[in-house]
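These notes concern the structure reproduced below.
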Amino acid sequence: MPEPVTKYSKEDIWELIAEVTDPEIPVLTIVDLGIARSVEREDDTYVIKITPTYSGCPAMKAIEDEIEKTLRKNGIQNFEVRKDFSETWTTDWMSDDAKKKLKDYGISPPGKTDPDEDFLSSLKQSDKTISCPYCDSQNTELQSEFGSTACKSQYYCHDCDEPFEHFKCI
C-alpha cells in the first residue's frame, strides 16, 4: 500500500517531476524547458501545473502521462496535472543549462526573445544568424522553417558541412 501523500513535500514532488524528460528532446527535462511551472497543495492533493510550449503541442499528453507514471511509481496517488495557460510559454523560460544541453546534443539553442518583435516575426528565422552547434560557425543557411518538430527549424553549416536543427526563439 502506498504511503500517504503527506509524507512528501512540494519540494519532493518537484524533484520527482524534474526527472521527467521531454519526449521530443530527451536530453531536456520539463523543468529545464520551463514547462513545469509549479507544485501546489490543495487540501490533500498535489497540483502540478504545466504550460505547453504551444497550444497544439503533441508532446503534452506524453508529458502528462510521464508525470503520472513517475509520481505513482513513487507511491504518490493524490495529485492532479493541470495545463496552465495563464502565461504564454517562452524560450526565455529555458534554463542556461538546458541551452547548453541542446548545443551538446547538436541542436542550436534559442537566444533571448526580443520584446519589440511581434510573435509572427519571431518565428521567421531566415533573417537571423544562427550558429552551428558543432563548430560555432555563423556561415549557416536556413533549409526549412520546420525541422523534426514545429518548434525547430532546419539549417546547414557551410563550414563543417553538417545539417542541424535550431530551436526557435519564441
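Every read-out reported here was derived from the displayed coordinates using simple, explicitly stated rules and does not represent laboratory data. Bear in mind that the values here come from a model prediction, so they are computed numbers and not experimental data. Because the Cβ atoms are built from the backbone with ideal geometry, glycine has one as well, and the counts that use them run over all protein chains shown.
Dipole magnitude for the chain: computed about the Cα centre from +1 point charges on Lys and Arg Cβ and -1 point charges on Asp and Glu Cβ, it is near 280 debye. Positive end of the dipole of the range 5-83 (Cβ unit charges, origin at the Cα centre): among A36, G75, Y54, the Cα lying farthest that way belongs to Y54.
Given R₀ = 45 Å, what would the calculated FRET efficiency be for K83 paired with Q143, taking r from the Cβ atoms and rounding to 0.05? So the FRET efficiency works out to roughly 0.85. Report, to the nearest 10°, how far helix 96-105 tilts away from the longest principal axis of the Cα atoms in the chain, using its own Cα long axis and a range of 0 to 90°. Computed tilt is about 60 degrees.
Taking a ≥ b ≥ c as the square roots of the eigenvalues of the alpha-carbon gyration tensor, the range 5-83 is classed prolate because a/c is 1.5 or more and a/b outweighs b/c. Among C151, Y105, I63, whose Cα sits farthest toward the positive end of the charge dipole of the chain (+1 at Cβ of Lys/Arg, -1 at Cβ of Asp/Glu, about the Cα centre)? The Cα lying farthest towards the positive end belongs to I63. Is the C-alpha gyration tensor of the chain telling us rounded, prolate or oblate? Criteria: a/c under 1.5 is rounded; beyond that, a/b larger than b/c is prolate, otherwise oblate. Cα axes put the chain in the prolate bin.
With angles folded into 0 to 90 degrees, how steeply does helix 59-73 sit against the dominant principal axis of the chain? Use alpha carbons for both and round to 10. Here the helix axis deviates by roughly 40 degrees.
Counting only DSSP beta bridges with both residues in the range 5-83, the antiparallel share comes to about 60 percent.
Per-residue ellipticity at 222 nm, computed for the chain from helices alone with -39500 (n - 2.57) per DSSP H run of at least four residues, works out to -7000 deg cm²/dmol. Filter K103/K128; K103/K168; K103/K152; K61/K99; K83/K128; K69/K101 down to the pairs with a C-alpha to C-alpha distance above 22 Å, please. Exceeds cut-off: K61/K99; K83/K128; K69/K101.
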